[in-house]
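The values are calculated or read from the model by the stated rules, or taken from the named source; none is laboratory data. On a predicted model such as this, the values are computed, not experimentally measured, just so you know. Here the Cβ positions follow ideal geometry from the backbone for every residue, glycine too, while neighbour counts run over all protein chains shown.
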Amino acid sequence: MQAAQLIFSNLTAYLLGFALLILFRNKLSETLTNLLSIFINLAGLILSILLILGFQNDQVLRFDWVKMGQSSFEVSLLVNRLTILMFTLVQFIALLVQVFSTKYMKGELRFSNYFSYLNLFVFSMLGLVVSGNLLFLFVFWELVGFCSYLLIGFWFEKKSATDASLKAFLMNRIGDAGFLIGIGLVYFQFQTLDLTELSALNATNNSLLTITALTLFCGCMGKSAQFPLQVWLPDAMEGPTPVSALIHAATMVAAGIFLLARIDFIITPDAGIVIATIGAVTSVLAAYSAIFQFDIKKVLAYSTVSQLGLLVMAMGVGATNVAIFHLFTHAFFKAGLFLIAGAVIHHFHHKQDMREMGGLLKSKPWLAVAYIIFGAALAGLPLSSGFLSKDAVILSVYNWAAGQSNPLLMLIPLMGIVASVMTAFYVARQFTMVFLRGDDQKIQWKLPDLFELTLIPLLLASFWFMHSANPLSFEDSYFSSWFAIEHQQNHWVAYTLLAFAVLAMLLAYLRFKKEKTFPLSLWQKIGLEHFGIDHFYVKKVAPALVGNHCPADELCLEPESKGIADVVSSFDTKALDGIVNEIGVSQKNLSKGLHNFDNGIVDGSVNLLIKGVIGLGKTGSFMDTKLVDGLIKFISGLVEQTGKQLRKIQSGQIQSYLMVLIIIFVALLIFLASL
Amino acid sequence: MTDYLLSILIFLPLLAGFIVVLLPKSLEPKSKFIALAVSIINLLISIYLFRAFDGSATGYQFMEQKPWINLDLGNFGTFSIQYLLGVDGISLPMVLLAGIVMLAGAVSSMSIDRRPKAFYTFFLLLTSSIFGCFVSLDFFLFFLFFEFMLLPMYFLIGIWGGERREYAAMKFIIYTLVGSVFILVVMLAMGLSVNAPMNSETPTFTFDFRHLADAKNYISGSVLDQSSSIEWLGWPVRSILFILLLVGFGIKLPAVPFHTWLPDAHVEAPTSISVVLAGILLKVGGYGFLRIGIGFFPEEALNFAPWIAGLGVVSIIYGAFNAIAQDDLKKLIAYSSVSHMGFVFLGFAAFNNEGFNGAIYQMFSHGLLSSMLFLVVGVIYDRTHNRLIQNYRGLAGKMPLYTGAVIIAFFGSLGLPGISGFIGEFFSLLGGFSSPHLSKWFPSIAVLGIVLSAVYLLWALQRMFFGNFWVNRDLKDQMHDLNIKESILLYGLGALAILYGVWPALLLDVTNKSVEFFLQSIGQ
């Protein structure tokens, strides 16, 4: 079968699944819904494996969509290695998430809606992945955002959930506005949006191209939650946890990286430096924020932001394949961590605060084992997949910076390294808080339940052996045979990073299990723990603008907050959040002003004009209708005292009106003829 | 029969209007069915025209030509006004849209029970003149229909409207009359400057669109002769006349700052009239500006391109900010119309295929989506007679069907791909970016409109539809979900919006060649 047919039938199946489930949402039982949805997904996964097996060369398949003058806009499928990789990855994770959801969402009102949205999401995500031009990339890009909106706000009775979905969509829209400008600039320069044609053009490195690359990157900043548009992702945790695993950890948020990989030939060196810097800053700030979270999902959310920052950093330095490699490994272990979080939340009856948890090692040992493996991958410990890919990222960025003439650029890999060390810290912290702390019982090994079973494929994918024959060398990875990864020098950097990471984990264990105060006590004394990436949005600005807005105060940050952060944040408060976080309120004020202007000045001047005209012709009557009627009178000089009479239907009215026009007509005719 | 299809579009509603007037009192309630039947027939004819139209040909099709008024002015020449009808790829989408919107209007007005005979007479008169406007190829005829639209509209708002209906109706008619006078001046100047290319000694003054579009036909030395240096207050007369057109049609569109009639008119108009007003009447402004303003004043239009784009961009942003500030759902949507129609001017200012096609698409799409949006407001208003956003919360739980339709309308309106709004906005913007005549700042700022539209629409969605169900105590609890009629209307329009969002070639195959030809004829 042709690749195009495979892909089209695959996409159609999901769309059909969406339509069926939404149309018959009240008719289908939960079991039937599950079966249908999972069947579609399984079939899709099999199709995508067929696609891998049959893959030989890159293919571009184009179908007419619209034509305008000389230009033609096509539906095009770009089937290359990156496409197929993402195509399979998305469906693989989606399948596990759907199976997981059957238990997690059991008994939920709008159960079918949930699965229909999931189908729509997978459809859109796959569409995004296979699109061969920027137009359709953008189309599916937006649809993915729409699905994310629906799913974050799935429990729409909860205000925090709809707030979060609104914020997510708006933040993404801001990024998308930039993306759209980028598309416009690409079209202006090259008269085409086709990715294959674009990559064949030899674009000269000029400032317009840099601007183009950076505006396109705005899209990535929105979707992949890069500073300063990252605020929506932690809030997006209001959605059901399996959704967080699929959309807000493994697939949709990686779309920004995917976009950069698709357009990497447009990214000029200058643009690359900006992109890498934003990535590095995001990774270190988000990792720092993750350390101080108490909500089990928010730790993971900030962790995702941080890891995406690393990916963006790698994209910025031109290490596309390395970034894709880490994207790939990250998808498995982060989805796994989120699913664990889901199982934990389910276990604790929808409690999410880690301070109220603990001792789970005893009652849920399988989850603990799984967490150790996923956590090791996230922290980048040897034998895990994360070790391979994270080292690849750090090393390629380090070696890039070493090759640059500007020594300041060394800060970029340095931030990446710091972020990775902090990652190890918060992983150990979370594990200690959720699994280790608490009462001492005996470990109870039970048969794994559905939640734990769904983790198995992800667990396998988080070991080194799925990715490389040699557990210590990413250069030997199987991945490298599809996406060439360069050999890197300076492996000592990776080992130093590892040493620090292990140290950090030890510290975290001591701090949270053994209740040793070091090292965080010093931090707390000077208030540095409040220097989190979202701190300014959540804690300082919102209250200043609209009263206390932080929905659950203790979940944002620790309550006693004073210190340096207050000073630092006040700048950010006014600069960023006034515009962004409380977008509605601040805009409403602005809009109120504009509206007043509209009512008062623009409209007022019209009214004034009317009054003036009337004043000339007639005095005494001030009633609104009379005023306006008067103008008609003034203009026509013929229609008598309209008001009530105009409401009567008389054919004479039309005639007299036409008469006026004809008289004006004739008068003008004479006037013009005399010119 | 098929030779006179365009005439039927005009005269069938007119005839039906007379029949409704003559209906005996006992049959008065039946008048709505006459209007409905006429709307259906007109829609079917529009669809037939759309299918039968040859998209690969340039020029006008389905033409009808009859001499109408011939004034012999002796040595001065002959004054020729024709009954000339025809459509090309630019006007045909508007004809189809008129068919769709008038049917939606007819169906949604079926609940009108106050003086139905009068209502439907005006409705049918309006139908007749709207179709007339889009199919006329003679400036005089066009202007006649253009003016003729105002009167029924005035009464429809003024009699069947809300509390401040008289004020709103007056404001509407005065604004539009001012615009009409401007256009009238231009028409007269045109009539005196253009000579139909005929072999006669004395000139034949004509209003024929085809002749007006050709610079060769302008009598040398006349007011509008392109090479003439006639000035007025230091400005070339042609430029002044172009500005008159810009303002005249800008009022109708409406473009900021000529838009203040619109929120008042919409808020006071009954639902079905709002649908017609937003759905099709505003498009006359865009269509007229393209056909007459740009078509007959190409050089001036090109010189003023930044101004046209500027008006568009200001409308987009300004309208959106105003929409954010509204508490009245209908007013919010009225301002969103201002914002969305701004893309039309932006597309026109681009002077390229993408921009013109995008602008036409935007008009078509806005016709579908704004009809839907006003019907959405109508649903709420019918139940509670209150449109304030803060009086409602959590409607999604209680009215899932309604919420589904609202989501399609709102997301379509904010430009979600897959729904028609995206196509229009995207190509208007793309045209703006790729146009050599415009600074990249215009489309770049216009892009902010897509962020702002998400703000006001989704914020309203969140406030009214999400959360726990709650309706202000004073409003009686009659929040039942959509009835059959409302469902068919809303989901029918929604399905069309999605169809045209997924398969834009349906429309663009018709417009493309004509736009290309049009661009050639104005030297682009």
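Things worth noting here:
- Residues that are outside any loop (DSSP other than H, G, I, E, B) and at pLDDT below 90 within the stretch B:315-329 comprise B:317, B:318, B:319, B:320, B:321, B:322, B:323, B:324, B:325, B:328, listed in sequence order.
- Residue check, residue A:233 in contact (Cβ under 8 Å) with a residue 40 or more places away in the chain and either among the aliphatic types (A, V, I, L, M) or in contact with an Asp or Glu (Cβ under 7 Å, 6 or more places away or on another chain) (or both): yes
- Contacts under 7 angstrom Cβ, first residue in the stretch B:99-115 being farther than 21 Å from residue B:10 by Cα, partner among the hydrophobic types (A, V, I, L, M, F, W, C) and part of a helix (DSSP H, G or I), 6 or more apart: B:108/B:275; B:108/B:375; B:108/B:489; B:112/B:119; B:112/B:160; B:114/B:160
- Looking across the stretch B:491-511, just one residue is over 13 Å from residue B:364 (Cα atoms) and either in contact with a Cys (Cβ under 7 Å, 6 or more places away or on another chain) or surrounded by 21 or more Cβ atoms within 10 Å (Cβ to Cβ) (or both), and that is B:494.
- Filter result for residue B:415 (within 12 Å of chain A (Cβ to nearest Cβ) and without any contact (Cβ under 8 Å) to a residue 60 or more places away in the chain): yes
- Filtering the stretch B:202-212 to residues that are away from chain A (no Cβ under 12 Å), assigned to a strand (DSSP E or B) and not hydroxyl-bearing (Ser, Thr, Tyr) leaves only B:208.
Each row is one residue, and each column tells you yes or no for (1) surrounded by 15 or more Cβ atoms within 10 Å (Cβ to Cβ); (2) modelled with pLDDT of 90 or more; (3) in contact with a strand residue (DSSP E or B) (Cβ under 9 Å, 6 or more places away or on another chain).
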{"site": "A:359", "(1), (2), (3)": "yes, no, no"}
{"site": "A:362", "(1), (2), (3)": "yes, no, no"}
{"site": "A:374", "(1), (2), (3)": "yes, yes, yes"}
{"site": "A:381", "(1), (2), (3)": "yes, no, no"}
{"site": "A:429", "(1), (2), (3)": "yes, no, no"}
{"site": "A:446", "(1), (2), (3)": "no, no, no"}
{"site": "A:452", "(1), (2), (3)": "yes, no, no"}
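- Pairs where the first residue, in the stretch A:104-129, is farther than 19 Å from residue A:23 by Cβ and the second is surrounded by 20 or more Cβ atoms within 10 Å (Cβ to Cβ) and among the hydroxyl-bearing types (Ser, Thr, Tyr), C-beta under 6 Å, 6+ apart: A:105/A:114; A:125/A:251; A:129/A:83
For every residue, the table says whether it meets (1) part of a helix (DSSP H, G or I); (2) at pLDDT below 90.
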{"position": "B:11", "(1), (2)": "yes, no"}
{"position": "B:14", "(1), (2)": "yes, no"}
{"position": "B:21", "(1), (2)": "yes, yes"}
{"position": "B:28", "(1), (2)": "yes, yes"}
{"position": "B:34", "(1), (2)": "yes, no"}
{"position": "B:44", "(1), (2)": "yes, no"}
{"position": "B:47", "(1), (2)": "yes, no"}
{"position": "B:50", "(1), (2)": "yes, no"}
{"position": "B:62", "(1), (2)": "no, no"}
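- Filtering the stretch B:169-203 to residues that are in contact with a strand residue (DSSP E or B) (Cβ under 9 Å, 6 or more places away or on another chain) and among the β-branched types (Val, Ile, Thr) leaves B:194, B:202.
- Single unsatisfied condition, residue B:215 versus (1) farther than 19 Å from residue B:522 by Cβ; (2) away from chain A (no Cβ under 12 Å); (3) of a type in the set (A, V, I, L, M, F, W, C): (1)
- Out of B:424, B:347, B:394, sole residue that is buried (at least 23 other Cβ atoms within 10 Å of the Cβ), in contact with a Phe, Trp or Tyr (Cβ under 6 Å, 6 or more places away or on another chain) and either more than 28 Å from residue A:193 (Cα to Cα) or within 14 Å of chain A (Cβ to nearest Cβ) (or both): B:424
- Restricted to the stretch B:226-237, and to residues there that are within 14 Å of chain A (Cβ to nearest Cβ) and either closer than 17 Å to residue B:182 by Cβ or modelled with pLDDT of 75 or more (or both), the residue that is nearest to the chain's Cα centre (by Cα) is B:237.
- Top-ranked residue in the stretch B:238-254 [being under 13 Å from the mean Cα position of the chain (by Cα) and either closer than 23 Å to residue B:104 by Cα or within 12 Å of another protein chain (Cβ to nearest Cβ) (or both); ranked as surrounded by the most Cβ atoms within 10 Å (Cβ to Cβ)]: B:253
- Residues of the stretch A:172-207 that turn out to be more than 29 Å from residue B:414 (Cα to Cα) and within 14 Å of chain B (Cβ to nearest Cβ), as a count: 1
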